Amino acid sequence: MSDTRVLREEDPEAARLLGEGWTVVAESWGARLRDPDPQRLRALVDVATLAGYDVRELERHELGAVAGLEAVTAGDYPRTPATDVPARTRAVLEAMDARFVGAWAGDVLAAVTAVEPGEGLVETSFTSVHPEHRRRGLAAAVKAASVLVMLPGGARVFGTGGAAVNAGSLAMNARVGYLVEERWLSLRAPAARPADDAAGGSTGLAKAPRRGPSDF
Ligand SMILES: CC(C)(COP(=O)(O)OP(=O)(O)OC[C@H]1O[C@@H](n2cnc3c(N)ncnc32)[C@H](O)[C@@H]1OP(=O)(O)O)[C@@H](O)C(=O)NCCC(=O)NCCS
């Protein structure tokens, strides 16, 4: 059995494991945006547009720029057993069933978000902003624009999530209107050895069951 488990915080199994000496090694959350207000979303996009950014849906031939931005920001995503961050090469991005929305500063891609239709909701796959363009409302702008892109197809429920330590992610999603509906605990068995962590092995991220939030 895996020595890392990801459980809803109210799950009685979590209380049982904590009672057995398991420890919380990370916390994460899942949020929903239901029946969004397009006007509120457009106002968030306008913040970026008025600052000179071109916010729009990206075309397939622009995915190379997304891969480039993800290579720059990869180290900034918090990693927890519930928030896996795969390498996002161009080939990986092209294989995704996603729509991408970006914010351009001239010919530089400053921000991107990707959304994928799931069962009954549209999930954010990831969001990132180039370090030189942060704290200007770009994450909120591209996330708002990604919701606007999906509305004409009939989507009304949107999901996102992330690591509790990621204050920026929580704040940007709150700004778009997402409400946290789920909290998850990543629990580690008392016997877990540090060497396992270093190897990303039996306690590693790749093997953890993916039942927590998916964001980004
Ligand atoms: C998280 C991230 C996307 C935020 O991008 P950003 O463009 O700087 O965010 P915005 O400017 O749109 O900010 C939106 C809100 O978040 C807040 N915020 C942004 N970064 C923050 C941080 N590091 N700490 C606290 N609050 C932060 C802003 O103050 C703003 O709050 P407000 O609405 O109360 O004014 C960016 O820091 C990033 O790319 N991080 C690495 C990748 C990552 O973690 N992605 C999300 C994974 S869940």
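The values are calculated or read from the model by the stated rules, or taken from the named source; none is laboratory data. The model shown is predicted, which means the values in this text are computed figures rather than measured ones. Ideal geometry is used to build each Cβ from the backbone, glycine not excepted, and the neighbour counts take in all protein chains shown.
Can you find even one residue in the stretch 169-185 that is within 12 Å of the ligand (Cβ to nearest atom), within 24 Å of residue 8 (Cα to Cα), touching a helix residue (DSSP H, G or I) at 6+ places or on another chain (Cβ under 8 Å) and assigned to a strand (DSSP E or B)?
No - not one qualifying residue is present in the stretch 169-185.
Residue 152 versus (1) closer than 15 Å to residue 36 by Cβ; (2) near the ligand (Cβ under 10 Å from one of its atoms); (3) without any contact (Cβ under 8 Å) to a residue 60 or more places away in the chain: which is the lone unmet condition?
Checking residue 152 against (1) closer than 15 Å to residue 36 by Cβ; (2) near the ligand (Cβ under 10 Å from one of its atoms); (3) without any contact (Cβ under 8 Å) to a residue 60 or more places away in the chain, the one that fails is (2).
Hey, among the residues in the stretch 60-96 that are closer than 21 Å to residue 118 by Cα, of a type outside the set (A, V, I, L, M, F, W, C) and modelled with pLDDT of 95 or more, which one's nearest to the chain's Cα centre (by Cα)?
Only one residue fits best here, namely 88.
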